[in-house]
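Okay, so here's the structure we're looking at.
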Amino acid sequence: MNQSLSDPTAELIAATQSLAASHEIVVELERAKRNIEQMIDGLTTSFAIISEAGIIYKANRLMAQYFNVSIEELLGRQISDIFHPEVWSDFQEKEMILINAERKHHIEIELPIVDYEGKTKEILWTMRPLSGISGNFQRLYQILGHDISKVKEYERQIDVIFSHIPIGLFTINRSLRIEGTYSEYTKTLLGSDSLDGKSLLDLLSGIMEGYLRDLQLKKFRILKEAFGQSHEWYEKNRVQLPSELEVQPLDSQESVKICLNYNPVYMQDHIDRFIIMINEIKVSAK
């Protein structure tokens, strides 16, 4: 029986083509790797991939600046080096929540760091499990750190102003509850000695004798929708926010108009809370 012999020239051509194709794949992978590294290094937030024990496996330029070393020198170091011991304990506590949570879960936490100059920076950390890592290996986590030091300093300055200014001034969160410092006069306007954590709707309903009209409630729903929105959204929809509420006391010939003015506070370009100025204007009955 005759057996067909392989053509060595054809085999050589096939091998050469296969090698060329493999080379193209390697080149594309290297190009993709460079693009990803450039994207990570260009982030405006600090970035790192860490192990459960806090060992840094990958980081960008901003994270390396906290340690005053190059990116290459940072790899293998402990992320805990930029935290006070008690703060690092808080970080590990949040990490344990992630370890016991579903893969897609993530956590945000505000924790300060101490940089190489000994200066404290307020950082908003986002931490999530790195997808695609098998459970048979050590878990890795991606962390992003957004420097909010200027925002925190601004808030501290506002707190000082709030406690002395003779107008109604307070801050609400996305639950429409008052948080943080508020001016003393706000307590008089809203009729309560303690405002922290209280619902703005409940307080306004109280001074309006339990009555908020449907249109007013609709506007407060728009106010709640504003949280997480962009500056462009706010500029487009700000006129729909509740700005005037009229109260008509039963034993008075004058009605009182409650005026609300809003100043959004942005976090990472999205509305995180509102500073509200409130005052009252007496209107003579017609």
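The values are calculated or read from the model by the stated rules, or taken from the named source; none is laboratory data. None of the values given here were measured: they were computed from a predicted structure. Quick reminder, even Gly has a Cβ in these numbers, built from the backbone with ideal geometry, and neighbours come from all protein chains shown.
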Only one residue in Ser80, Ser18 is hydroxyl-bearing (Ser, Thr, Tyr) and at pLDDT 85 or above, so which one is that?
-> Ser80
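What's the total number of residues in the stretch 167-198 that are under 14 Å from Asn261 (Cβ atoms), of a type in the set (A, V, I, L, M) and outside any helix (DSSP H, G or I)? Break it down into steps so the answer makes sense when it comes.
Here is the first cut: in the stretch 167-198, the residues under 14 Å from Asn261 (Cβ atoms) are 167-172, 183, 186, 189.
If we keep only those that are of a type in the set (A, V, I, L, M) as well, we get 167, 169, 172, 189.
Retained after the next criterion (residues that are outside any helix (DSSP H, G or I)): 167, 169, 172.
Going through the stretch 167-198 one residue at a time, the tally reaches 3.
Out of the residues in the stretch 113-127 that are of a type outside the set (A, V, I, L, M, F, W, C) and not in a loop (DSSP other than H, G, I, E, B), which is farthest from Gln268 (Cα to Cα)? Steps first, please.
So in the stretch 113-127, the residues of a type outside the set (A, V, I, L, M, F, W, C) come out as 115-122, 126.
From what is left, the residues that are not in a loop (DSSP other than H, G, I, E, B) are 120-122, 126.
Details: Thr120: 20, Lys121: 16, Glu122: 14, Thr126: 12 Å.
Checked the stretch 113-127; the qualifying residue farthest from Gln268 (Cα to Cα) is Thr120.
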Tell me, please, whether a residue that is touching a Pro at 6+ places or on another chain (Cβ under 9 Å), at pLDDT below 80 and not assigned by TED's automatic domain parsing to the domain that holds Thr181 can be found in the stretch 113-136.
-> no
